[in-house]
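Here's the structure we're looking at; comments come further down.
The values are calculated or read from the model by the stated rules, or taken from the named source; none is laboratory data. Just so it is clear, the structure is predicted and the values come from calculations on it, not from any experiment. All Cβ positions, glycine included, derive from the backbone under ideal geometry; neighbour counts span all protein chains shown.
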Amino acid sequence: MRRDALIVGGGPAGCAAAITLARAGCHPTLIERSNGPTDKVCGDFLSVDSIQHARFLGVDPIELGAVPISRVRLIHRDRVAESELPFMAVGLSRRVLDEALLDQARHAGAIVHTGKEVRRLTRDGSKSIVVLADGNALSAGTVFLATGKHDIRAHARAWSGPRAVGLKMYFDPRNELARILEGATELTLFPGGYAGMQSVEGGRVVLCIAVHQKAFKQYGGTWALLTRAIGQFSPRFAEILSGSRPLLPNPLAIAGVPYGYRSPPLSLFCLGDQAAVIPSLTGDGMAIALHSGLSAARAWIAHQDAPAYQRTLGQALAPQMRLAGWLHRAGVNPGFQPAVVPLMRFFPSLTRLAAARTRLPGRLSLLPDPTRPSGISSPHWGQ
């Protein structure tokens, strides 16, 4: 019997599934709501496992201009602590990475439709029906849901925990800011959230902020008021951004981010943030997206059903998700935040351990430096 697959969402998770299926001769259909390169709210930090997966899929972040990152810096008020990461990482915008992955999906043989928004999913016997915003509908035996942090009506992720607001802006930095951030990702803690800064391709700097919804409202509910409040709490934050020119007319934003969510076994193959939403401060969301896309496609090719795939993925992610959740709660807690920088100063190994333990399962120490070209074989995670 002929099996057909339809992928909703053309981000890293959806593209990973599309490329894997197409390489196996399945010719999946991929639907992406954006029509051309687009900036996304998060995902500009690629750790070593993300780079390994991307290279296996035919996309090398270094060749796309990614900026090497080897250190992490934590700031609370006027205190600063710095530590080496236990792996190499890079900064690369989603606009560049997603477009490269979509091109690779087309090249592999996937049927890619852009500028198509999915309004709802229904089931008709053995077929899933995808209804588009223009009124047209597509059917397939299997649907891979890879819409990132955006839910589709009637398929919203059930989550009872606190939700966050995510915001993002790119800057043309002063020379001083570019120098300060060279080779580092910088995390500023403030009551109720944290703000991450790093360099990406093209000499730009990206600022991403994650803040609890309640705290965001208390700060005034706007980008300008929030960044001003962070600057008042941390003078360094205000100083290093001073003079840098915003490159977007408005910040990218998304509300209701369910940090800690893990999908229960469903009839759909849930990928990326539809499968699990790890707190942003870990920087491993992109690796989970790529890993889940690869794993789901391989499970489907092997005639494994969606609930079995979901259970396997959930078990693999459980340890890092638990630790990441604890770190997130500590990182946004005003009572614990003052202790974070002294802990990092006196016990830098704790930072490296936390960074390593919030990665996908695998032996990072055995992986090559991703900033150097190398032949990459099939990733071993989830096999």
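Take the range 85-102 and flag every residue that is at pLDDT 95 or above and touching a strand residue (DSSP E or B) at 6+ places or on another chain (Cβ under 9 Å).
Initial filter on the range 85-102 (at pLDDT 95 or above): 89-102.
Across the range 85-102, the qualifying residues are A89, V90, G91, L92, S93, L97, D98, L102.
Restricting the search to the range 41-56, which residues are over 17 Å from S70 (Cβ atoms) and crowded, with 24+ Cβ neighbours inside 10 Å? Spell out how you get there, then give the answer.
Of the residues in the range 41-56, the ones over 17 Å from S70 (Cβ atoms) are 41-43, 53-56.
Within the range 41-56, G43, H53, A54 qualify.
Taking the criterion of being in contact with a Lys or Arg (Cβ under 6 Å, 6 or more places away or on another chain) and surrounded by fewer than 18 Cβ atoms within 10 Å (Cβ to Cβ), would at least one residue in the range 100-120 satisfy it? Among the residues of the range 100-120, at least one is in contact with a Lys or Arg (Cβ under 6 Å, 6 or more places away or on another chain) and surrounded by fewer than 18 Cβ atoms within 10 Å (Cβ to Cβ), which makes the answer yes. In this structure, I19 does not qualify as crowded, with 24+ Cβ neighbours inside 10 Å, in a helix (DSSP H, G or I) and touching a strand residue (DSSP E or B) at 6+ places or on another chain (Cβ under 9 Å). For the range 342-351, the count of residues that are assigned to a helix (DSSP H, G or I), small (G, A, S), under 22 Å from E84 (Cβ atoms) and out of contact with any Lys or Arg (no Cβ under 9 Å at 6 or more places or on another chain) is at least one. Among the residues of the range 44-65, those that are assigned to a loop (DSSP other than H, G, I, E, B) and of a type outside the set (S, T, Y) comprise D44, L57, G58, V59, D60, P61, I62, E63, L64, G65.
Would you confirm, using the coordinates I've provided, whether S263 is polar (S, T, N, Q), in contact (Cβ under 8 Å) with a residue 24 or more places away in the chain and surrounded by 15 or more Cβ atoms within 10 Å (Cβ to Cβ)? Against the criterion (polar (S, T, N, Q), in contact (Cβ under 8 Å) with a residue 24 or more places away in the chain and surrounded by 15 or more Cβ atoms within 10 Å (Cβ to Cβ)), S263 qualifies.
Looking at this structure, is P162 in contact with a helix residue (DSSP H, G or I) (Cβ under 7 Å, 6 or more places away or on another chain) and either of a type in the set (S, T, Y) or surrounded by fewer than 18 Cβ atoms within 10 Å (Cβ to Cβ) (or both)? Give the steps one after another, and end with the answer.
Numbers: in contact with a helix residue (DSSP H, G or I) (Cβ under 7 Å, 6 or more places away or on another chain): no; either of a type in the set (S, T, Y) or surrounded by fewer than 18 Cβ atoms within 10 Å (Cβ to Cβ) (or both): yes.
Against the criterion (in contact with a helix residue (DSSP H, G or I) (Cβ under 7 Å, 6 or more places away or on another chain) and either of a type in the set (S, T, Y) or surrounded by fewer than 18 Cβ atoms within 10 Å (Cβ to Cβ) (or both)), P162 does not qualify.
Exactly one residue out of H107, H53, H76 is in contact with a helix residue (DSSP H, G or I) (Cβ under 9 Å, 6 or more places away or on another chain) and more than 16 Å from T20 (Cβ to Cβ): that is H76. Residues of the range 259-294 being assigned to a helix (DSSP H, G or I) and in contact with a Leu (Cβ under 6 Å, 6 or more places away or on another chain), which ones? Within the range 259-294, Q274, M286, A287, H291, S292, G293 qualify.
Pairing each residue of the range 17-38 that is in contact (Cβ under 8 Å) with a residue 60 or more places away in the chain with any residue that is among the acidic types (D, E), provided the two are 6+ apart or on different chains, yields C-beta distances under 6 Å for R33/E117; P37/E99.
Pairs meeting the criteria (first residue in the range 222-250 and at positive phi and in contact (Cβ under 8 Å) with a residue 40 or more places away in the chain, second residue surrounded by fewer than 17 Cβ atoms within 10 Å (Cβ to Cβ) and part of a helix (DSSP H, G or I), beta carbons under 9 Å, at least 6 apart or on different chains) are G243/E176.
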